[in-house]
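The values are calculated or read from the model by the stated rules, or taken from the named source; none is laboratory data. Not measured: the values here are computed from a predicted model. For neighbour counting, all protein chains shown are included, and Cβ atoms are generated from backbone atoms with ideal geometry for every residue, glycine included.
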Amino acid sequence: MKKMMMLAAAAAVMTMPGLAGAEAVTADVPVGSVYYDYVDKLSGMGYIDSLPDGARPYSRLQMAKWVLQAEEQAKTKPMPKYLADELAAMHASFAAEIDTLQGRAKQDDLALRQASLQLADYDSDHSSYKQSAKRGDGQPHAHWQPFGNGTNGYDYADGFNAVAKAEVSGNIGHKTAVSVTPRLSFNDDDDTKLKLEEGYIKTKTGIVEYTAGREALSYGQGKTGRLVLDNTMKPLTAVQVHLEDDVPVRGFFRFLGRQNYHAFYGQLEGDREDRVKSGRTDYDHAGLLGLRADFTPSKAFTFGLMRVSMLGGDGNGLSKSDWRHWLTGHNDNAGEDRWDDIAGGDFRVRLPGVHFYGEIYGEDAGGLQPTDRGYRFGMYLPQLAKDGSWDMTMEYASTDPAWYVHQKYQNGWTYSDDIIGDAMGNNAKKYYLGINHYLPGENQIGAYVMRTEMDRSFGNHPNVYEAALTGRVKLQDHFFIDGSLGLAKIQHADYAQCSDRDIFASAVARWQY
């Protein structure tokens, strides 16, 4: 898998056009933004020319391009009222970027993009649950929570929680953009914290963009999580490099259509060695290096190839021969291995009335080929009703026993007590069904059920049954209330005979600009 990805990416790189670009740099749209739901719906209904790829976040300029595509399609394909309202909201939010694309270029100054206040009550026997029955014995040193996906590292305390956030972003020059998102939280444990959830600076040379700072990344095609890199963990401080937009593949490989590339490097926490039992191993400040290539051969098909490596760390530096082995995908034996890889690919196919998507990745297990794999397969039905006002998503995900586990990095595939990929962890299975109903005025109601079988090697492994009602109400221009009410039952909570019942209720006052 690793060799296939690197050969395909290298071949396509050789066919790239020259690095000449004149587009302005814009900040990214945070991966938790409601605009990703709007783009998914526009794509599902056929108003976006080609499928968005699996490398999120997308830039504000890219969002603006999709707005213009959808508006052009709507001239000949009547758009339902609920979808037209979502598109109009996106046009207003990305108006400066749309002006740039239409030749009325002006600098998008720093501005408040979104502010929110969440009030949540989490009634639980345990505020969080441990990831493995044998923590410290080479299993992931992490925890998880029901209703905790996509939280950018925030853990709900038992009882009352209040979380306030504000996103400020914009340009400080034609080729420089910045974004800052502070987060202030308080809970019933009298725990008050002010943190920088995201903060980065972005610039470019030619068509290559560079980002430095803390930003949540979500690579893959999952609805309930991503196998390799997801935004349930705290955003990683990293350096990123990618193309500003997809470009055509030239020459022999032109059948690959359009292409884009992403690379990032960041360091994990500095107390990893302290977290494992005496006699076990891990390395402080281990690096996380990611390489991703996305291709769109047709308007109905996109796929990505990716390799992410946990490597190095204090006292575990790579020699020249180690780097050579890493580059060629050759794993050393357990005593000499200095990195842990997950590599493979994900895809999405758009057919009339249905999307199929999936993730297929392999975990580093020694030798040239991985012996442990993770899978995710899903089906999105964007038009349960003719006008698309009802839709449904079904998804299944699975990981093997060695997934997120390594013989030397014995905290596992984790960062700050969270799984870097899907929070279901290793040797797990997940089943999901979700339904949404869209109403005019950017209003929406939905419901989902999900079952997760975790750490299935143990007889008393947790089985999690989770169900929730969700909704969004627009009260006036720019002001929304997002709500959810969920119930979870955890059999064998923390690997004991007992079962827990968790209730989660949340209301978010959100100002969207």
_Failed criterion for ARG275 (all others in (1) surrounded by 20 or more Cβ atoms within 10 Å (Cβ to Cβ); (2) within 21 Å of PRO235 (Cβ to Cβ) hold)_ = (1)
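Let me confirm something: among GLY222, GLY287, which residue is among the small types (Gly, Ala, Ser), under 15 Å from the mean Cα position of the chain (by Cα) and on the phi < 0 side of the Ramachandran plot?
Working: GLY287 fails: under 15 Å from the mean Cα position of the chain (by Cα).
After ruling out the rest, the residue left standing is GLY222.
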*Can you name the residue in segment 395-450 that is more than 30 Å from GLU273 (Cα to Cα) and of a type in the set (Asp, Glu) and is also surrounded by the fewest Cβ atoms within 10 Å (Cβ to Cβ) among such residues?*
GLU442
*With the condition kept exactly as written, say whether any residue in segment 176-191 is closer than 23 Å to GLU466 by Cα, small (Gly, Ala, Ser) and buried (at least 20 other Cβ atoms within 10 Å of the Cβ).*
no
_Which numbered condition in (1) in contact with a Pro (Cβ under 9 Å, 6 or more places away or on another chain); (2) within 20 Å of GLY304 (Cβ to Cβ); (3) of a type outside the set (Gly, Ala, Ser) is the only one that TYR219 fails?_
(1)
_I need a count of the residues in segment 111-123 that are under 30 Å from ARG60 (Cβ atoms) and either modelled with pLDDT under 90 or surrounded by fewer than 16 Cβ atoms within 10 Å (Cβ to Cβ) (or both)._
4
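Could you say whether any residue in segment 69-83 is of a type in the set (Gly, Ala, Ser), surrounded by 13 or more Cβ atoms within 10 Å (Cβ to Cβ) and under 30 Å from SER506 (Cβ atoms)? Talk me through it step by step, then tell me what you get.
Going residue by residue through segment 69-83, those that are of a type in the set (Gly, Ala, Ser) are 70, 74.
With the extra rule that they be surrounded by 13 or more Cβ atoms within 10 Å (Cβ to Cβ), the set shrinks to 70, 74.
Now restrict to residues that are under 30 Å from SER506 (Cβ atoms): none.
Checking segment 69-83: not a single residue is of a type in the set (Gly, Ala, Ser), surrounded by 13 or more Cβ atoms within 10 Å (Cβ to Cβ) and under 30 Å from SER506 (Cβ atoms).
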_Looking only at segment 268-303, count every residue that is part of a loop (DSSP other than H, G, I, E, B) and under 28 Å from GLN69 (Cβ atoms) and tell me the total._
2
_under 19 Å from PRO235 (Cβ atoms), charged (D, E, K, R) and without any contact (Cβ under 8 Å) to a residue 60 or more places away in the chain: is that true of LYS202 in this structure?_
no
*Please specify each residue of segment 20-54 satisfying the condition of being of a type in the set (A, V, I, L, M, F, W, C) and in a loop (DSSP other than H, G, I, E, B).*
ALA20, ALA22, ALA24, VAL25, ALA27, VAL29, VAL31, MET45, ILE48, LEU51
*Take the residues in segment 499-513 that are farther than 20 Å from ALA467 by Cα and of a type outside the set (S, T, N, Q), then tell me which one is surrounded by the fewest Cβ atoms within 10 Å (Cβ to Cβ).*
TYR513
*Given the conditions (1) in contact with a Leu (Cβ under 8 Å, 6 or more places away or on another chain); (2) surrounded by fewer than 19 Cβ atoms within 10 Å (Cβ to Cβ); (3) assigned to a loop (DSSP other than H, G, I, E, B), report the number of the one that HIS126 does not fulfil.*
(1)
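Let's see how each residue does on (1) surrounded by fewer than 22 Cβ atoms within 10 Å (Cβ to Cβ); (2) part of a strand (DSSP E or B):
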{"residue": "TYR200", "(1), (2)": "no, yes"}
{"residue": "LEU227", "(1), (2)": "no, no"}
{"residue": "MET233", "(1), (2)": "no, no"}
{"residue": "ALA238", "(1), (2)": "yes, yes"}
{"residue": "VAL241", "(1), (2)": "yes, yes"}
{"residue": "PHE252", "(1), (2)": "yes, no"}
{"residue": "PHE255", "(1), (2)": "yes, no"}
{"residue": "GLY266", "(1), (2)": "yes, yes"}
